[in-house]
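Notes to accompany the following structure.
The values are calculated or read from the model by the stated rules, or taken from the named source; none is laboratory data. Here the structure is a predicted model, which means the values were calculated and not measured. FYI the Cβ positions are ideal-geometry reconstructions off the backbone, even for glycines, and counts take in every protein chain you see.
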Amino acid sequence: MSVRVRRVYESPDPDDGVRVLVDRLWPRGLSKDAAHVDEWPKALTPSTELRRWYHAGEGSHEEFSRRYEAELAAPEAAELLEHVRELAGNGAVTLLTAAKDPEESHAAVLARLLRA
């Protein structure tokens, strides 16, 4: 299973496979044509409340990860997670995020869950 995390602002790579935007908000300053996004499952992204809590610096990445994983157990999110897992089982999947540090973002949490 090939799942990787990249910034959505980076140019598409031939090895990206299916490009899945995992941010709730569309990335600033990026046109939809330039993003080359294949799927945008908004219900798979952290809730607005969790995102604001984390960006306010109120908790650690570990606590954020725990809370986000709990959100992913909700039926709609769990269904989308399984869909992306199936995509990854059939070829490469790239999780796209606008986060400045993708490895400390929700996208890294998703990638870890998909690889498990």
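For the reader, a short list of remarks on this structure follows.
- Residue that is farthest from the chain's Cα centre (by Cα) [pool: residues in region 64-99 that are touching a residue at least 60 places away in the same chain (Cβ under 8 Å) and assigned to a loop (DSSP other than H, G, I, E, B)]: 91
- Here residue 25 meets each of (1) modelled with pLDDT under 95; (2) outside any loop (DSSP other than H, G, I, E, B) with one exception, condition (2).
- Here region 13-65 is the region considered, the condition is being of a type in the set (Val, Ile, Thr) and surrounded by 13 or more Cβ atoms within 10 Å (Cβ to Cβ), and the residue that is farthest from residue 82 (Cα to Cα) is 37.
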